[in-house]
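Below you'll find the structure, written out as C-alpha cells, and then a few comments.
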Amino acid sequence: MTTTVTETTKTQPPKALRTAKGKKPQYFSDPAIDKLLSIVISLAGELSVTRDRLDAVERLLEQHQVFGVADVDQFHPSAEVEEIRAEKRSRFIERMMRVVEAELEEITGEDMPQSREEILESLR
C-alpha cells in the first residue's frame with residue numbers, strides 16, 4: 001500500500017486540538033494530580049506514535065539501502081536544523097501545557113487583568 005502526499009498535505013500545519021468544554025471528570029482527590037495524569041497520558045500517546053513512525057522510517061531506509069540505524073545514531077544536526085527542532089519542541093510543549101493553560105483561563109476568566117499594569121490600573 002502506498003500513500004500519496006499532495007503539495008497541500010505537505011504545507012498545511014496540523015489543526016490545533018480544541019479544549020473540551022464542560023466539567024472534567026476528577027479521578028483523584030487533588031485536581032493537580034488529574035492534570036498531571038492528563039499530561040502524562042498525552043505525552044505517552046505522542047511518544048508511542050513517534051516510536052512507531054521512527055521504526056517504520058528506519059526499516060524502510062535499511063530495506064531500500066539508503067542508510068542504516070548506525071548512521072542515524074552518528075548524525076550531527078546543523079545550526080539550522082537545531083533551530084527548526086527548537087521551534088517544533090516549543091509547539092509540542094505548548095500542546096502539552098494546554099491542560100494547565102485551560103485551567104488558568106477558567107480561573108482567571110477573560111475579564112481579569114492579565115498584566116501588572118492592568119491590575120494597578122483597575123485599582124485606580
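Below 12 angstrom from the Cβ of Asp71, what's the summed charge of the other residues (Lys, Arg +1; Asp, Glu -1)?
Values: positive: none; negative: Glu58, Glu62, Asp73.
With Lys, Arg at +1 and Asp, Glu at -1, the net is -3.
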Calculate the radius of gyration of the Cα atoms of segment 27-107 to one decimal place, then report Dmax, the largest Cα-Cα distance, as a whole number, both in Å. 17.9, 55
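How much net charge surrounds Val57 when only other residues with a Cβ under 13 Å from its Cβ are counted (Lys, Arg +1; Asp, Glu -1)?
-2
Any read-out appearing in this document is the output of simple, stated calculations on the displayed coordinates, not a laboratory observation. Quantities reported herein were computed from a predicted structural model and do not represent experimental measurements. Backbone-built Cβ (ideal geometry, glycine too); neighbour counts: all protein chains shown.
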